[in-house]
Structure formats: structure tokens, C-alpha cells
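The values are calculated or read from the model by the stated rules, or taken from the named source; none is laboratory data. All figures in this text were calculated on a predicted structure; none of them were measured in a lab. FYI the Cβ positions are ideal-geometry reconstructions off the backbone, even for glycines, and counts take in every protein chain you see. Just the protein is used for accessible areas: all its heavy atoms, side chains included, with ligands, DNA and RNA removed. Shrake-Rupley method; radii C 1.70, N 1.55, O 1.52, S 1.80 Å.
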Amino acid sequence: MRIWPAVVAVPALLAAAAFVPPAPEPEADPCEAGYSIESGRRILVFCATAVLRYENENARYPVPDAPPLLPYLPSVYATQPSDLRVGGEPACGAGPVGTTEPVTLSAAYTVVLGPPPTRAVFEYSPDYRGLYGKILDPVGRAVLTLKPGELAPGDSVRWRVSLTGDDDRLPIWSPWCTFTVAADAPDLRGLEPDVIAALTELGLRPEREYTVTLPRDQWRTALEPFGIYPTDNAAINEADPDNQDDPTSDLRTQLPGPATLTGAQWSDLITSLAQWSAYDWESYDDSSPPIDPAVYWAVVDEISTQLGGPPHPRLGLR
């Protein structure tokens with residue numbers, strides 16, 4: 001039997017076994033690391049596919065059209081928020097709330113390891129802005145108060161919270177929760193806090209129109225806080241053509257007869273009168289003696305009564 005062909009095949013088999021195809025070139029990593037800088041330390045946050053947006057030398061988030069490839073990974077030892085509430089009610093699906101009283105958002109927290117949290121960051125729609133709340137250590141809750149004028153009627157507000165301490169651990173965000181604002185609530189956005197307080201005390205709607213009738217001397221008193229001192233009856237409705245922002249222009253064109261203004265305008269007017277009456281008259285430096293503050297309060301009381309409000313509103317000043 002001839003066996004030499006098998007012997008000849010051995011070197012060929014060994015050569016084939018020794019041949020290893022070259023390894024493929026590693027692909028370039030398409031990611032760019034995003035990080036947050038806190039207390040001088042760089043903390044990795046995610047891997048993003050686009051150039052990061054830098055603000056105040058801190059890399060925060062990728063551009064909107066390039067979402068991160070990897071999810072946000074918080075520290076397993078971070079403080080855990082729970083039991084989200086609006087006022088005293090569970091937050092998810094709660095509502096509706098009004099706009100004339102403060103709305104309190106709160107969350108309990110559990111410390112996994114380390115000191116209790118020192119900061120609470122709240123995010124809520126529509127702009128998801130980050131706001132610092134308060135840490136209430138004795139009751140173990142983080143709280144954020146939304147003041148009147150911050151919410152719009154009919155809104156569905158989505159919010160969440162995270163808590164961090166001095167160890168700079170990446171925080172755990174709570175789930176998103178929602179609450180609603182009553183559709184028929186007054187729209188107080190853009191109004192000054194003292195005007196909002198007056199609207200609430202008088203029970204007025206900011207957009208509704210109300211009519212008030214006063215004698216000429218009380219109309220002149222009502223205009224005085226705005227720097228208008230008419231010397232005769234004809235001058236009471238003469239508007240300043242150079243003052244395009246004259247807050248009394250709508251009022252003065254109707255005087256000396258009945259005047260119709262919105263609830264927000266009336267609240268602004270009587271707030272100015274009340275503050276004028278609280279002026280430090282003893283330091284008033286003028287050749288003529290000032291009018292008795294009671295004169296201004298008499299006008300405030302009369303306007304409030306005609307608007308259906310209390311006969312003697314306090315307005316935080318009496």
C-alpha cells in the first residue's frame with residue numbers, strides 16, 4: 001500500500017493552519033464623552049454622537065438633534081426621591097389647582113449612603129427649567145413653592161425632582177408626575193405680586209371690567225400717586241402726550257364721569273393709593289403740608305366697596 005501522498009499533504013495542512021487573516025481595523029468611536037464639572041471634578045455623564053454644547057465652561061447636554069447613545073446613569077448611592085405630592089395630594093394625576101394661592105411641590109427622600117441631601121433641583125414644564133427647592137430635614141422632604149402668577153389656567157404641568165449632597169454623586173431623578181391647573185382660574189401671569197394680592201383680597205378677575213363712580217375731589221386724590229396734580233376740574237382728564245406708558249390714561253379719558261377699568265387696573269390703582277398713604281410723611285420735604293393719609297384710604301375704601309370687595313381692605317398695610 002502506498003501512503004506517501006498523505007505525507008506530502010501534511011506540510012500543506014500545516015501551512016494553511018498557520019495562516020491567520022489580519023484583524024480588521026477598529027472602527028472609530030463615534031461617541032464624545034459628555035461630562036459635568038462640579039467642585040473642580042469632571043464627572044462622566046453620557047456618550048453623545050454630536051459636539052456638546054458648552055455653557056460657562058461646563059459641558060452639559062448634546063445638541064437637540066443628537067440624543068445620547070447611552071442613558072443617564074446615576075450613582076447607585078445617590079439619594080432617592082419618592083412620594084411626590086402637590087400640596088397634600090399625590091402628584092401624579094392630581095388637580096386641578098388654582099392660581100391665586102401658592103402651589104407646593106414636594107418629595108420625600110431616602111438616603112442610601114452618606115450624608116443627607118443639601119440641594120433639591122426641580123424641573124417642570126413647559127420649559128423644564130431647573131429650580132432649587134428647599135430641604136426640610138426634620139420632615140425628610142424637599143419642597144418647591146410656585147407663587148401666584150407662575151402657572152397658566154388650563155395647564156397640564158409635568159415635573160420631577162432630584163437631590164444631591166456635598167459628595168457630587170450623580171443624582172437619581174424621580175419619575176415624571178403631572179398635575180392640572182383649573183381652566184377657569186384667573187390668569188395672573190405678568191402681574192406684580194402686590195397687584196395679585198389686591199386682586200385676591202378684592203375678589204376681582206384681572207380681565208373683567210368694573211365701573212366705579214367718584215366725585216371730582218376723590219378722582220384727583222386717586223391720580224396723585226401717579227404724579228398728577230390737577231389744579232382745576234378741567235385738568236383732571238388731560239393726558240400727558242409725552243408719556244406713552246401713562247398708567248392712568250384709560251382712566252383719565254373717562255373722568256369726571258363713571259370710569260371702567262379691568263380688575264387688574266383697579267387693583268394697581270388702589271395698591272398705589274395704599275402705598276402712597278403709607279409714605280413716611282414726617283420726612284416729606286415740601287413747602288406745602290401733605291394731605292392726611294386717611295384721605296387716600298377713604299378713596300381706597302370707596303373704590304373697594306363699589307367693586308364688591310371689603311369695605312376696608314388691608315392690602316398688607318393696615
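Under the condition of being under 18 Å from residue 305 (Cβ atoms) and not in a helix (DSSP H, G or I), the residues counted in segment 209-227 number 7.
Residues are listed down the side, and each one gets a yes or a no for (1) more than 30 Å from residue 302 (Cβ to Cβ); (2) out of contact with any Pro (no Cβ under 9 Å at 6 or more places or on another chain); (3) part of a loop (DSSP other than H, G, I, E, B):
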| position | (1), (2), (3) |
| --- | --- |
| 170 | yes, no, yes |
| 178 | yes, yes, no |
| 184 | no, no, yes |
| 189 | no, yes, yes |
| 196 | no, no, no |
| 207 | no, no, yes |
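Among all positions in segment 204-218, there is no residue which is of a type outside the set (A, V, I, L, M, F, W, C) and closer than 19 Å to residue 78 by Cα. Applying the condition of being in a loop (DSSP other than H, G, I, E, B) and among the hydroxyl-bearing types (Ser, Thr, Tyr) to segment 103-162 and asking which residue is most open to solvent (accessible area, probe 1.4 Å) yields 128.
For segment 219-228, state whether one or more residues are of a type in the set (Gly, Ala, Ser) and buried (at least 16 other Cβ atoms within 10 Å of the Cβ). Yes, that holds for at least one residue. Being at pLDDT 90 or above, more than 30 Å from residue 113 (Cα to Cα) and under 17 Å from the mean Cα position of the chain (by Cα) is a property that residue 199 lacks.
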